[in-house]
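Colleague: Take a look at this one; I'll ask things after.
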């Protein structure tokens, strides 16, 4: 057992630090220009623009430790905004199950960040029970296209998406999981109607998407008909490990301490108040432990083993910690935490306190609600039977 | 011992319930939230006609002489309807201060209007550096040669300041920043020169403002009670305010646990109603238990205050702590069990939760009162 980075890893870390500081955004310069250029420079480093992609598809082929270093360093630095849908969710499916032609058609645009994707999974009656989805895809008699009808919901950023990867029902008999087909659907066409859903933080990021008589060519089907569930399941596991956000929480905890430290209380500040201080301390202790849970999981993967039982708790613990951070930030904001949309009332961190906390409630709902995650752990890890 | 409502109290509860059912659908409420005023003048008139604005005013001043049990009954129902009209800050809090400290002339000028609904007041007590401490007051009032005062300072989160006709403002007239002695209350008409009101919508759809007083001159008759000794009145206003807010929160939490229980019975996942899963059942039982604990604490603190105001402060601290803590527990679980639907503005759930969170930060949050309770 050894937690120190070896010489090679240390020099990689130095390299990453240098890259991030040299390419940081300069205030006053055009953000979008910088963003696209950042990815180009990262690509020239040998796939740093697509760290998680396998070498065969242009990724850097890092060890798990290198990924960990990248996560740690990027969570502290300013990196351009990026969306996971094409890059980390659809791309692995294309690589594993897509045809060569589909890979050539879609992967370059995903890598160059020129096409936005959204995920058409959940439906009004298919949330935690995703396999219950009903959006119907019927193959035409000549076998050239599917006719798709149905409604998707909670579709993040559907309103700016060019394409949707979508789970559809192609067989209504037998096991629910065995009649699902994975289709790629262009969003900008008649028959696709995107309706915003305003969530309780007051913002618009999710949507309801109505799909009416949309023709999807069979070339847009991934793999075989009725096998889509298997492709999507791998993707869900991928989505879940990405949601723990532990390095980001470590950085967020540092800012929480600074923010609470700036709230004056008599001669001291909020971090001197016993109740608040202890809550921050409790959170920090949990975060220190879960950071090592993640390391154990990485080390396990590094030695080429199947993910160990510890990895199954990462999304559960990680999201719980993110929520507690948001809650403490709201509490630190005190009376100003409900003053959203104001520009000059109280400390600036405080005003978004309540809306940040409210938005964070979704963390334990999306990507598999915590109750469902625990069912999975009970069954697959502890071997408990219902 | 008896926890039943009296006949008059039952009638009051029924009449508020009827008002909510008739005038407070979520759609109607949300369109009021979006209006410039943020509430309905018609509703306010109706509340006056129904006599609700005078219930806690003493009979000697033309009211019904009711007590905190009556306001508890009303506030619980207002909570269920997510009522926007400034009953809490104008009638319950400012009305109480005016009844306690106002001289005949001030009562004549303002209390009558409060009862008829023709005027509204608010209470400006919070300051940024004070967080939740009522005695930490930097806004200063200095006497001038003509028997008046000059007020300078900034008050935060002044509820419904833009629609109020006047504000009761806590000012330091002597003593150091943290001293309880030396605090004085003034009744400041809103349209005086130097009063700057920066109004905004809070997360719960209500209105608040940052109010800056810049060399504001008030007459001697703006002084409420005697100079330098207002702290005990402020403290009592806080206690009465907490009882009212916690009653509102308790009404909201009742709706949250009941609505969630009913949603899980309707919503099917994995080919059966969600309510058939044991993990869901136990969660609902926890929500129900914690709600009942709040209800008990609300009754305890309210009854103790009514019988012995000076001996009830520990119970009031315990109540505000428990309600703040439980509000988060019940609200978080209501959203979790509603899944994505709980995250939208379409159901009451989100709006209830936002109001609960705002209640927690008024007159001291959960941590603040736990520390006071433990002290």
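The values are calculated or read from the model by the stated rules, or taken from the named source; none is laboratory data. All of these numbers come straight from a predicted model, not from anything done at the bench. All Cβ positions, glycine included, derive from the backbone under ideal geometry; neighbour counts span all protein chains shown.
Colleague: Does any residue of the range A:320-338 turn out to be at pLDDT below 95, surrounded by fewer than 24 Cβ atoms within 10 Å (Cβ to Cβ), more than 12 Å from residue A:259 (Cα to Cα) and within 7 Å of chain B (Cβ to nearest Cβ)?
Modeller: no
Colleague: Report those helices (runs of 4 or more DSSP H) wholly inside the range B:1-120 carrying at least 1 residues which are within 22 Å of residue B:160 (Cα to Cα), modelled with pLDDT of 95 or more and in the same structural domain as residue B:168 (by TED's automatic domain parsing).
Modeller: Those helices (runs of 4 or more DSSP H) do not exist here; none qualify.
Colleague: Can I ask one more? Return the residues of the range A:259-304 that are more than 14 Å from every other protein chain (Cβ to nearest Cβ) and on the phi > 0 side of the Ramachandran plot; say none if nothing qualifies.
Modeller: Selection gives A:304 alone.
Colleague: Next up: Limited to the range A:341-357, what total is found for residues that are at the interface with another protein chain (Cβ under 7 Å from one of its Cβ atoms) and either over 30 Å from residue B:358 (Cα atoms) or buried (at least 19 other Cβ atoms within 10 Å of the Cβ) (or both)?
Modeller: 5
Colleague: Considering only the range A:369-386, how many residues are touching a residue at least 40 places away in the same chain (Cβ under 8 Å) and touching a helix residue (DSSP H, G or I) at 6+ places or on another chain (Cβ under 8 Å)?
Modeller: Going through the range A:369-386 one residue at a time, the tally reaches 9.
Colleague: Considering only the range B:332-349, state which residues are at pLDDT 95 or above, surrounded by fewer than 24 Cβ atoms within 10 Å (Cβ to Cβ), closer than 24 Å to residue B:245 by Cα and facing chain A (nearest Cβ under 9 Å).
Modeller: B:332
Colleague: Filter the helices (runs of 4 or more DSSP H) completely within the range A:48-123 down to those with at least 1 residues that are free of Cβ contacts under 8 Å to residues at least 12 places away in the same chain.
Modeller: Result: A:100-111.
Colleague: How many of the residues making up the range B:48-67 are surrounded by fewer than 23 Cβ atoms within 10 Å (Cβ to Cβ) and under 27 Å from residue B:353 (Cβ atoms)?
Modeller: Here the count works out to 0.
Colleague: Exactly one condition in (1) at positive phi; (2) within 22 Å of the chain's Cα centre (by Cα) is false for residue B:165; which is it?
Modeller: Residue B:165 satisfies all of (1) at positive phi; (2) within 22 Å of the chain's Cα centre (by Cα) except (1).
Colleague: To continue, here is another question. For the range B:279-302, indicate whether the set of residues that are farther than 28 Å from residue A:358 by Cα, away from every other protein chain (no Cβ under 14 Å), surrounded by 21 or more Cβ atoms within 10 Å (Cβ to Cβ) and at pLDDT 95 or above is non-empty.
Modeller: yes
Colleague: Mind telling me which of the residues A:173, A:155 ends up being part of a loop (DSSP other than H, G, I, E, B) and buried (at least 23 other Cβ atoms within 10 Å of the Cβ)?
Modeller: A:155
Colleague: Next question, about the same structure. Quick check on residue B:232: is it closer than 17 Å to residue B:363 by Cα and without any contact (Cβ under 8 Å) to a residue 40 or more places away in the chain?
Modeller: yes
Colleague: Considering only the range A:132-146, state which residues are surrounded by fewer than 18 Cβ atoms within 10 Å (Cβ to Cβ), away from every other protein chain (no Cβ under 14 Å) and under 19 Å from residue A:173 (Cβ atoms).
Modeller: Residues satisfying the conditions are A:136, A:138, A:139.
Colleague: What's the total number of residues in the range B:190-222 that are surrounded by 14 or more Cβ atoms within 10 Å (Cβ to Cβ), without any contact (Cβ under 8 Å) to a residue 40 or more places away in the chain and part of a strand (DSSP E or B)?
Modeller: Matching residues across the range B:190-222 total 5.
Colleague: Something else about it: Being at the interface with chain B (Cβ under 9 Å from one of its Cβ atoms) and either more than 25 Å from residue A:155 (Cβ to Cβ) or under 19 Å from the mean Cα position of the chain (by Cα) (or both) is the filter here; which residues of the range A:373-386 pass it?
Modeller: Across the range A:373-386, the qualifying residue is only A:374.
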